Ligand SMILES: NC(=O)c1ccc[n+]([C@@H]2O[C@H](COP(=O)([O-])OP(=O)(O)OC[C@H]3O[C@@H](n4cnc5c(N)ncnc54)[C@H](O)[C@@H]3O)[C@@H](O)[C@H]2O)c1
């Protein structure tokens, strides 16, 4: 049993808690903390025997915690990930790894100094069956070399912590990581086009069209619509030299009646990516239990996504095409 300490018991913290205690094998949650003590207390009622810590640092230091899961707000991730690295404990950190390039660099530097990988970042699309099949289709060569990709990221609405640029830093980061993984190339430039606004978004510039270029010259467009009400809809189609490969619809049942074809749309990410989160956390738990380094998205991936995210924010602010350069990749993250 891997003894887990959970930092942040909000929406995804509670969802991961449910899966670690009720769905997955090999985990026991021995400690939790949340800056909102009331929330932590309420969540602890369902966890007999777990310690409620006053701070994330106390939780990391708890000898009854083997590994840490960070589900607090993005700007607080760095301090807890650094604390876990300093304690030599593996840490699964929800995306984003951190909210600035500098913070991500500090995490990469700390891990390199520790001399081993301890960090995995929660970019769960890499574990989604549909995305894995899409990548396999592209990698097989069946559609020829991939040249372009059309993506859509549509949310029914946005969470309370959402700010003006969260549409890039919180939402588009999933496509940023997915594109790096699917194309196997770094992203080298970003542009943002701004259409007229959705009245549902208030002051938010919503929707946006993000354009990404890869090192090999592929072009990716991402439609970001985060107050589109009808549901959570994630789309992707890769355009190759000889054909295309596209994510299918996720519906298990399609109803035809009264002159219409109808299938349900997921309400949010919990529903759409439920299995992906299960696979992601189970694989992470298995590597922790086996004493192996994490095999999923690394601190380097978290850093690269943050740099592209920063560049995309700059592109949104300026209306310009922004070029992206990463630092040299440390040997820890090659191969
Ligand atoms: N992988 C995904 O698809 C996915 C989905 C949702 C959220 N997330 C990420 O998970 C994180 C949390 O998102 P959420 O939707 O659960 O937010 P949330 O607001 O529902 O929950 C966050 C919790 O963290 C607590 N918190 C804030 N600062 C803290 C601190 N310093 N120490 C301890 N606890 C603290 C808050 O009180 C809150 O209970 C964000 O980084 C978000 O981007 C990832």
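What angle, in degrees between 0 and 90 and rounded to the nearest 10, separates the Cα long axis of helix 299-318 from the longest principal axis of the Cα atoms of the chain?
50 degrees
Would you work out the relative contact order for the range 164-237, in percent, from Cα pairs under 8 angstrom that are 6 or more residues apart? Intermediate values should be presented prior to the final figure.
Details: 91 pairs, mean separation 20.5, N = 74.
Relative contact order comes out at 28 percent.
Connecting C-alpha atoms closer than 10 Å in a GNM of the chain, tell me which of 267, 59, 17 has the biggest fluctuation.
It is 267.
Considering Cα pairs under 8 angstrom that are at least six residues apart, work out the relative contact order of the chain and quote it in whole percent.
Numbers: 661 pairs, mean separation 67.1, N = 335.
About 20 percent, as a whole number.
Can you sort 269, 73 by how many other beta carbons sit within 10 Å, fewest first? If you can, show how the numbers build up before the last one.
Details: 269 18, 73 12.
The order, fewest Cβ neighbours first, is 73, 269.
Between residue 140 and residue 181, how many nm apart are label points set 7 Å from Cα along the C-beta direction?
The two pseudo-label positions are separated by 2.0 nm.
What translational diffusion coefficient, in µm²/s and rounded to a whole number, does the Stokes-Einstein relation yield for the range 45-131 at 4 °C and a viscosity of 1.567 mPa s, taking the hydrodynamic radius as the Kirkwood radius over Cα pairs? Before the final figure, lay out the partial values.
Working: Rh = 13.8 Å.
The diffusion coefficient I find is 94 µm²/s.
With a 10 Å Cβ neighbour count serving as the proxy for reagent exposure, in which order, fewest first, do 177, 128, 15, 242 appear?
Working: 177 26, 128 23, 15 15, 242 9.
Fewest-to-most ranking of 177, 128, 15, 242: 242, 15, 128, 177.
To the nearest 10 degrees, how steep is helix 173-183 against the longest Cα principal axis of the chain, on a 0 to 90 scale?
Between the helix axis and the principal axis of the chain, the angle is about 70 degrees.
Please compute, over every Cα-Cα pair in the chain, the percentage with a separation greater than 34 angstrom. Spell out each step's value before the answer.
Working: 13548 of 55945 pairs.
For the chain, the share of Cα pairs beyond 34 Å comes to 24 percent.
Against the longest alpha carbon principal axis of the chain, how many degrees, from 0 to 90 and to the nearest 10, is the axis of helix 77-86 turned?
With both axes taken from Cα atoms, the answer is about 50 degrees.
222 nm [θ] for the chain, helices only, -39500 (n - 2.57) per DSSP H run of 4+, per residue, to 500?
Working: 10 runs with 108 residues, N = 335.
After summing the helix terms and dividing by residue count, I get -9500 deg cm²/dmol.
As an exercise, find the ratio Rg/Rh for the range 1-156 from alpha-carbon atoms, using the Kirkwood inverse-distance average for Rh. Please list the in-between numbers first.
Details: Rg = 17.8 Å, Rh = 17.1 Å.
Rounded to two decimals, Rg over Rh is 1.04.
Of 210, 47, 118, which is the most mobile in a GNM of the chain whose springs link Cα atoms less than 10 angstrom apart?
Highest fluctuation among the options: 47.
How much of the DSSP beta bridge set in the chain is antiparallel, as a percent to the nearest 5? Please report the intermediate quantities before stating the final value.
Numbers: 28 of 54 bridges.
Restricted to the chain, the bridges split so that about 50 percent are antiparallel.
Taking the chain as a Gaussian network, where each spring joins two C-alpha atoms under 10 Å apart, which residue of 155, 200, 227 fluctuates the most?
Evaluated over the chain, the most mobile residue of the options is 200.
For the range 300-326 and the range 78-111, compute the distance between their C-alpha centroids and round to whole Å.
Distance between centres, Cα-based: 19 Å.
Once you place label points 7 Å from the Cα toward the Cβ at residue 261 and residue 1, how far apart are they in nm?
Reported label-point gap for residue 261 and residue 1 is 5.0 nm.
By count of other Cβ within 10 Å, fewest leading, how are 327, 124 ordered?
Numbers: 327 13, 124 25.
Fewest-to-most ranking of 327, 124: 327, 124.
If you average the sequence gap of Cα pairs under 8 Å that are 6 or more apart and divide by the length of the range 65-206, what percent do you get for the contact order? It would help to have the intermediate numbers written out before the result.
Details: 123 pairs, mean separation 25.0, N = 142.
For the range 65-206, the relative contact order is 18 percent.
Enter the Cα centre distance for the pair the range 34-69 and the range 152-228, rounded to the nearest angstrom.
With the range 34-69 and the range 152-228 each reduced to a Cα centre, they are spaced 34 Å.
Read-outs: derived from the displayed coordinates by stated rules, not from any lab. Source: prediction; values computed, not measured. Positions of Cβ are backbone-derived with ideal geometry, glycine not excepted, and every protein chain shown enters the neighbour counts.
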